[in-house]
Amino acid sequence: MMRLSFAVAVGAVTLAAAAAVAQPAPQQPPPLTNLQLYPKDTPRPQLIATMQGFVQALGVQAAGGCGYCHAGTAPAFDFASDAKPAKTVARKMILMAREITGKLPEITGKTAAEVTGLRCATCHRGVAIPKLLPDILTETATKSGTTAAVQQYRELRTKYYGGQSYDFSENALVAMATPLINGNKPDEAMTWMQLNLEFYPKSSATHAALGQAYAKKNDTQNAIKSLEKAVELDPNNQNAKRQLEQMKR
Ligand code: HEC
Ligand code: HEC
């Protein structure tokens, strides 16, 4: 339809104007040629909206945007090309999400319309490799030491606080303390709890964990002090109360 009226218009103009028209016209986007999962006749705007959703879900705006998965450089991407491994991974991710979503009715007893479909963001939450914060920190601590891991926590917090990517709530670091104390690394547990107190000075659970770390080091005096602080901040902290009673026995 567009082409036809365009041709009619060209036929009607003078030779000089026709020469001007022959200049490269605003380019029509090429047709979609390499859709293997989405229907081949998917309207371009709909596909692009899905693609923008990918960029958002994986948080790759600053890491190349569309170019995170697509070959070429902005604005001359070769969207049909499969040269970038990330695009191939993304295709398999789409299939994986479909497969799991397809199993949910059987697993949950709900209908296909009722189940919550698995979206990219369900796992990715704005990061390309959706690793949980305690796992990131533990890996860094094992590889490069606790100081480096604490530094990494500060950096991640500065960059991602307020977003959906990582849990910076009061209890996230507290959860790291218990395995460290049980694993006989009370000093490391204490480092994390001191860090947590910078952000949550009134955290009863943090003072309680600190108390447990002191107890592990047989520093009864400081253990009692920390546990008392925990109970003072939250009189309903039964765990801390019980431990305090045991300590004072
Ligand atoms: C996380 C990886 C990823 C990101 C980021 C991404 N894409 Fe894609 N894109 C894909 C995959 C996978 C396909 C192939 C889908 C299929 O096979 O049906 C695709 C296909 C396309 C196609 C169809 C190409 C063709 O001719 O077959 C276009 C156009 C496209 N993407 C545009 C974009 C744009 C624009 C952006 C940025 C807003 C973008 N993509 C970001 C993974 C991505
Ligand atoms: C069930 C959880 C889950 C879902 C749903 C999911 N992913 Fe992933 N994805 C992962 C995990 C976990 C990794 C990291 C694997 C690793 O350790 O390299 C990953 C890695 C990727 C990577 C590679 C990133 C890199 O830099 O190595 C791409 C691209 C990707 N996912 C795209 C997608 C897209 C697009 C969707 C939605 C269609 C999606 N994923 C849905 C869990 C998921």
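A few remarks follow.
- Taken together, 86, 80 contain a single residue that is out of contact with any Gly (no Cβ under 7 Å at 6 or more places or on another chain), part of a loop (DSSP other than H, G, I, E, B) and within 6 Å of ligand 1 (Cβ to nearest atom), which is 80.
- Filter result (closer than 17 Å to residue 133 by Cβ and either buried (at least 24 other Cβ atoms within 10 Å of the Cβ) or at pLDDT below 95 (or both)) within region 197-208: 206
- Options 167, 219: the member that is surrounded by fewer than 22 Cβ atoms within 10 Å (Cβ to Cβ) and more than 30 Å from residue 123 (Cα to Cα): 219
- So residue 144, is it farther than 19 Å from residue 63 by Cβ, in the same structural domain as residue 208 (by TED's automatic domain parsing) and either open to solvent by 60 Å² or more (accessible area, probe 1.4 Å) or within 13 Å of ligand 2 (Cβ to nearest atom) (or both): yes
- Residues in region 89-124 that are without any contact (Cβ under 8 Å) to a residue 12 or more places away in the chain, more than 16 Å from ligand 1 (Cβ to nearest atom), within 24 Å of residue 36 (Cα to Cα) and not aliphatic (A, V, I, L, M): 2 in all.
- Of all residues making up region 31-63, the number that are in contact (Cβ under 8 Å) with a residue 12 or more places away in the chain and more than 30 Å from residue 160 (Cα to Cα): 8
- Residue selected from region 24-49 under the condition away from ligand 2 (no atom under 16 Å from the Cβ), among the polar types (S, T, N, Q) and over 20 Å from residue 88 (Cα atoms), by the criterion modelled with the highest pLDDT: 28
- Screening the candidates 92, 87, 103 for the property of being open to solvent by 70 Å² or more (accessible area, probe 1.4 Å) and closer than 23 Å to residue 59 by Cβ yields one hit, 92.
- Boolean, residue 76 is over 18 Å from residue 29 (Cβ atoms) and at pLDDT below 95: no
- Where helices (runs of 4 or more DSSP H) sit wholly within region 97-189, those with at least 1 residues that are within 24 Å of residue 199 (Cα to Cα) occupy 133-144, 146-160, 170-182.
The values are calculated or read from the model by the stated rules, or taken from the named source; none is laboratory data. The structure displayed is predicted, hence computed values, not measured ones. Quick reminder, even Gly has a Cβ in these numbers, built from the backbone with ideal geometry, and neighbours come from all protein chains shown. Heavy atoms of the whole protein, side chains included, go into the accessibility calculation; ligands, DNA and RNA do not. Shrake-Rupley method; radii C 1.70, N 1.55, O 1.52, S 1.80 Å.
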